[in-house]
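Note sheet for the following structure.
The values are calculated or read from the model by the stated rules, or taken from the named source; none is laboratory data. All values reported here derive from a predicted model rather than from experimental measurement. Every residue, glycine among them, receives a Cβ derived from its backbone with ideal geometry; neighbour counts consider all protein chains shown. Accessible surface is based on the protein model in full, side chains and every heavy atom, while ligands, DNA and RNA are left aside. Shrake-Rupley method; radii C 1.70, N 1.55, O 1.52, S 1.80 Å.
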Amino acid sequence: MTYRYDLAGDDDAAAIAAVHTLSWRSAYRGHVPDAFLDGDLAGGHLAGWTQRFADRTGTLTVVARDAGGDVVGFAHTMLDHDPELGSLVDNLHVRPDLKRHGIGRRLLAETAARLQDAGAPDRLYLDVIEANEPARNFYVAVGGKEAGRGTESFGEHEVPVLVFAWTSLDALAEPAR
């Protein structure tokens with residue numbers, strides 16, 4: 001199947017929130033408490049994305065759409081977020097049934113190319129749950145290098161994360177060119 005990649009529109013917040021919720025419930029199961037994932041995650045994500053879309057200054061959100069125009073994945077980036085690491089890919093999610101189809105790789109490529117076109121710093125980073133081996137392997141496969149450790153909060157639960165970084169966007173952006 002062919003997917004279209006473009007900037008998210010103002011009316012995409014609900015679709016992004018739905019993909020975000022599906023992705024977390026699939027990929028984060030066993031890494032964060034089930035009670036958190038089974039709670040009102042969808043409502044929280046919808047409220048969060050609605051708020052984010054109210055002011056998208058300093059952000060870039062690229063979506064992948066199927067042939068019917070439905071959002072099947074997205075990458076949300078906060079521009080020039082860290083003076084050393086550059087722009088932060090705050091969210092990269094693909095519908096669970098469409099993983100391993102190249103959508104995540106292409107979302108990163110589109111993000112990197114658009115950052116370059118906008119003249120953003122030539123650095124990118126993200127956090128990944130340390131225990132999420134499939135995600136860690138994906139980021140290594142697309143050229144990410146481990147650049148630190150930290151924690152991330154999921155409700156009341158703290159989870160160890162690894163920072164993956166790219167010091168140049170050239171190779172990452174190439175598939176989108």
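Things to note:
- Among the listed values [x] 11, 41, 37, 10, 1, 0; [y] 9, 32, 28, 10, 6, 6, 5, 3, 1, 0; [z] 10, 39, 40, 11, 0, the one computed from these coordinates for P(r) over Cα pairs in 10 Å bins from 0, in percent is [z].
- For the stretch 35-40, backbone phi angles converted through the Karplus equation (6.51, -1.76, 1.60; θ = phi - 60°) give residue-by-residue couplings of 4, 5, 5, 8, x, 7 Hz, Gly and Pro being listed as x.
- With every protein chain in place, the stretch 1-113: carbon and sulfur % of accessible area (1.4 Å): 51 percent
- For the listed peptides 35-43, 156-164, a ranking on the average number of other beta carbons within 10 Å per residue, highest first, reads 156-164, 35-43.
- Normalised contact order of the chain, rounded percent, pairs of Cα under 8 Å and 6 or more residues apart: 21 percent
- Summed side-chain charge close to Ser26 - residues other than Ser26 whose Cβ falls under 11 Å, Lys, Arg +1, Asp, Glu -1: +3
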